Amino acid sequence: MTIGGQLTRRAMLASTPALAVAVATPAAASASDNFSLAETVEANPLDRVIRISRELSQALADWNDALGGSGPWVARIYPKGSREYPIGFEDSSVCGPSLAIMKLFDEWDALYRYTYHLECPDDEMDGYTDRMLELERQIVALPASTAVDLAAKIVALTGYGVYEFSPDARPNIATWTELERLVGRTSPEREGGVS
């Protein structure tokens with residue numbers, strides 16, 4: 001059967017079942033062989049993640065080149081099942097500040113979880129704490145361009161709500177000023193209207 005003068009896939013397969021089987025069988029065997037080989041070579045899940053990340057990095061470069069230059073597109077990938085949409089693509093030229101904040105926040109979060117859930121030796125804890133404080137300073141210094149940026153700032157400053165987010169505490173002043181700027185209002189105390 002043809003549509004518009006072209007042979008359809010259904011008509012071709014219906015008229016040549018032997019050819020379809022002959023073509024499909026080696027492909028299936030080949031795919032199966034490659035899969036078992038990949039499992040054998042990459043017994044360590046980290047090795048698989050590194051290989052796939054390198055392939056994705058090259059694929060993103062190819063995609064950006066196809067768009068006419070180095071291009072701004074980046075990928076953000078989370079573990080399957082960890083959120084509703086674990087794979088996302090972002091235009092880094094539009095949401096650059098957000099990516100910068102989230103990159104710092106990701107490192108801060110990893111350190112926070114490590115020091116919170118595991119028993120760190122005291123000599124290591126000091127170094128991790130110093131690094132977390134430096135990351136918090138860097139996060140606060142970047143301008144927020146999205147609600148996610150602000151959320152990351154507040155989560156880091158409060159240690160997931162463990163610490164108070166007082167507008168008068170020195171580490172919080174810049175973020176409170178930013179919040180007030182975004183809502184277009186200033187605290188009455190700072191305006192001098194209420195003491």
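The values are calculated or read from the model by the stated rules, or taken from the named source; none is laboratory data. Since the model is a prediction, treat every value here as computed from it, not as a measurement. When we count neighbours, we look across all protein chains shown, and the Cβ atoms used for this are built from the backbone with ideal geometry, even at glycine.
Quick check on Ile101: is it at pLDDT 85 or above, in contact with a Ser or Thr (Cβ under 9 Å, 6 or more places away or on another chain), under 25 Å from Ile52 (Cβ atoms) and surrounded by 13 or more Cβ atoms within 10 Å (Cβ to Cβ)? So Ile101 fails the test. Within the range 56-82, residues that are at pLDDT 90 or above have Cβ atoms under 6 Å from residues that are surrounded by 12 or more Cβ atoms within 10 Å (Cβ to Cβ) in these pairs: Lys80/Pro86, counting only partners at least 6 apart in sequence or on another chain.
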